[in-house]
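Right, one structure below, let's go through it.
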Amino acid sequence: MPAQSMEQLVSLCKRRGFIFQTNEIYGGLQGVYDYGPLGVELKENLKKSWWTAMVYSRDDVEGLDASILTNKKVLRYSGHEDTFTDPLVDCKDCKNRMRADHLKDSKCLHCGSTKLTEPRPFNLMFKTNIGPVADDESYAYLRPETAQQIFTNFKNVVDSTSKSIPFGIAQIGKAFRNEITPRNFIFRVREFEQMELEFFVKKGEDEDWHKYWIEERLNWWAEQGVEKDKIEILNVPQEELSHYSKATIDLMYEFPHGLEELEGIANRTDFDLGSHSKNQEDLDITASILENKDSNARLAVQDIDSKKWEVPYVIEPSAGVDRGVLAILNESYKDETLENGKNRVVLALKPHLSPIKAAVIPIKKNDSTIVEFSKKIKKDLQKLGLGRIVLENTGNIGKSYRKHDEIGTPICITIDFDTLEDRTVTVRDRDTMGQKRVKIESLDGLIKNLLVK
Ligand code: GAP
C-alpha cells in the first residue's frame with residue numbers, strides 16, 4: 001500500500017535528506033524545492049532510466065541538451081506568448097489570487113468569499129533581461145517546456161546525424177512556469193524538470209505512433225514501480241486540448257492529494273515544425289499557425305519518392321521528473337507491522353532507482369581491522385560503477401538496517417570477525433529482511449544481478 005498522506009512523504013524527505021524547501025533559512029521561495037543527498041541520487045537514477053530506454057535502447061532517437069534561456073521569437077511562434085495562460089481571479093475580500101479552474105463552488109479557496117473578480121488570462125512564462133541594457137526589447141524567456149528547443153534544433157540534428165523519419169529527439173532538463181498557486185509539495189512547482197521526446201513521423205502514420213508511445217510509456221512506468229493498474233488513461237477532451245494538439249492522452253496517477261497528471265502524450269501534428277519554418281506557403285501545413293517571416297530554416301524532410309518537402313507530425317511523450325519522483329516515493333513507501341509488533345518504514349524502491357545500492361556495515365565501530373576491511377570492500381564495490389555504495393559505521397547494526405530500509409537501500413553487507421577468517425559476509429535483504437552468508441568474491445555478481453534485470 002502506498003503512503004497514507006503527503007505529510008508522511010514530506011517528513012521522510014526532509015528527515016532523510018531527499019527534498020528540502022529551497023532557501024528555508026530565509027523563509028523559502030514558494031513553489032521551489034531542492035534535492036538533498038539522497039534526492040539527487042534518486043532523481044538522477046530516474047533520469048538515467050528514462051535516457052536508457054529512450055535513447056540508448058533504440059537507434060531511432062538522438063539526445064539533446066539545449067539552453068534554458070530562449071529567444072522570445074521562439075515562444076511567439078510556438079503560441080506560448082498568446083496562449084500559455086491560466087485563468088486568474090482575485091478575491092475582493094482577502095485579496096488572495098487563485099486559478100479560476102481550481103475554485104470549488106465559485107468560492108475563494110482561502111476565505112470562502114464569493115466576491116471574486118472575473119477570470120483573466122495570466123501568462124505563466126518567466127521573463128528575464130539579457131545583456132546590460134534593460135529596455136523593453138532586451139528580454140528572453142526561461143523555457144516553459146523543453147520541447148521548443150528540440151524543434152528549433154530539428155535541422156541541426158537531421159543534418160548532423162542523417163536521420164530520416166520516423167525518428168526522435170530526446171531531452172531532459174529544467175522548465176519554468178510562474179504557477180499561480182504552486183502546491184502539493186513537488187507536484188506543482190515553478191521550477192521543475194521534464195523528460196521529453198519529440199518523435200517525428202509521417203502524416204497519416206501519426207495515430208499509430210501515438211498508440212505505440214502510450215504503450216511504451218506505460219511499460220516504462222511499470223519498470224519504475226508504478227504499475228499499469230495504478231495509472232488511469234485520460235483522453236483529454238477536445239475543448240481542453242493545448243493549442244498545438246490534435247489528441248492528448250494523460251497518464252493519471254493517484255498522488256496522495258488526488259488523481260492527477262503524471263505524463264502527457266500528445267499528437268502535436270505539424271504545428272511546431274510548421275510554425276518555426278520559413279516559406280510556410282510552400283509546405284502543406286495542416287495546423288493553424290502564425291505566419292513566420294523571421295525563421296531562416298525550413299523544418300521539413302524530403303519524401304524519397306515524390307521529392308516533395310513535408311513537415312513531419314510530432315508525437316510527444318512529456319513526463320515530469322519531479323512528479324515521477326513523487327509517484328515513485330508514494331508507491332514504494334510502506335509502513336509495516338512486524339511479527340514482533342514493531343513498526344518499520346520501508347521504501348521498496350526498484351534497486352536501479354535506489355539512491356544507495358548497498359551499505360557496508362562493520363560490526364564494531366572502533367575495531368580498526370574490521371573497519372579497514374569494510375572500507376576496502378566499499379571501495380572495490382564502488383569501482384563497479386553501478387551507483388553509490390556507502391560505508392555505514394555507526395556501530396549499531398539494528399539502527400543501520402532501519403535507516404537503510406527507510407531510504408530504500410536494497411542490501412546491507414555486514415562485516416564481522418568471521419569475515420577476517422573465511423572471507424564471508426552477511427547480506428541482508430531490505431524487502432524480506434532475510435540474511436545469508438556469502439563469499440566476498442560473490443558480492444560483485446550479487447549487486448550486478450540486483451541492478452541489471
Ligand atoms: N511539452 C509539453 C508539455 O510541457 P505539459 O502537460 O504542460 O506538456 C508535461 O507538461 C509534464 O510536465 C506534465 O505531465 C508534468 O509531469 C510536468 N509538469 C508540468 N507543469 C509542472 C509543474 N508546474 N510542476 C511540476 N511538473 C510539471
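The values are calculated or read from the model by the stated rules, or taken from the named source; none is laboratory data. Because the structure is a prediction, the values reported are computed rather than measured. Neighbour counts are summed over all protein chains in view; Cβ atoms, including those assigned to glycine, are modelled from backbone coordinates with ideal geometry. Areas reflect the complete protein model, heavy atoms only, side chains present, ligands, DNA and RNA absent. Shrake-Rupley method; radii C 1.70, N 1.55, O 1.52, S 1.80 Å.
At-a-glance table
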quantity: Cβ-derived FRET efficiency at R0 22 Å, L241 paired with K73, nearest 0.05; calculated: 0.35
quantity: Alpha carbon convex hull of the range 207-326, volume per residue in cubic angstrom; calculated: 139
quantity: FRET efficiency, 1/(1 + (r/R0)^6) with R0 35 Å, evaluated for N178 and K92 via beta carbons; calculated: 0.95
quantity: At R0 = 25 Å, FRET efficiency that the Cβ-Cβ distance of N366 and R402 yields, to 0.05; calculated: 0.70
quantity: N449 versus D294: modelled label distance in nm, points set 7 Å from Cα along the beta carbon direction; calculated: 5.9
quantity: Scattering profile of the range 1-96 at q = 0.22, 0.23 Å⁻¹ [log10 I(q)/I(0), Debye over alpha-carbon scatterers]; calculated: -1.08, -1.09
quantity: Difference of contour (0.36 nm per residue) and Cα-Cα distance, K379 to E339; calculated: 10.8 nm
quantity: Residues whose placed amide H lies under 5 Å from that of R388, excluding near-sequence neighbours; calculated: K357
quantity: C-alpha long axis of helix 206-223 to longest principal axis of the chain, angle in °; calculated: 20
quantity: Cα centroid separation, the range 298-315 to the range 67-96 (Å); calculated: 32
quantity: Accessible area in the full protein assembly, largest first, 1.4 Å probe, for R16, R344, R423; calculated: R423, R16, R344
quantity: For the chain, the Rg and Dmax computed from alpha carbons only, in angstrom; calculated: 25.5, 80
quantity: Helix-derived mean residue ellipticity, 222 nm - over the chain, DSSP H n ≥ 4, -39500 (n - 2.57), to 500; calculated: -8000 deg cm²/dmol
quantity: Value of Rg to Rh for the range 244-305 (Rh from inverse mean 1/r over Cα pairs, i.e. Kirkwood); calculated: 1.20
quantity: Stokes-Einstein translational diffusion, the range 69-171 - Kirkwood Rh over all Cα pairs, 1.002 mPa s, 20 °C, in µm²/s; calculated: 127
quantity: From phi via Karplus (6.51, -1.76, 1.60), per-residue ³J(HN,Hα) for the range 369-379 in Hz, x at Gly/Pro; calculated: 5, 5, 5, 5, 4, 5, 4, 5, 5, 4, 4
quantity: V32 versus F417: modelled label distance in nm, points set 7 Å from Cα along the beta carbon direction; calculated: 5.6
quantity: Qualifying GluC sites (Glu not before Pro) in the range 320-402, DSSP loop, other Cβ atoms within 10 Å at most 10; calculated: E339
quantity: The range 68-133 - charge dipole about Cα centre, Lys and Arg +1 at Cβ, Asp and Glu -1, debye rounded to 20; calculated: 160
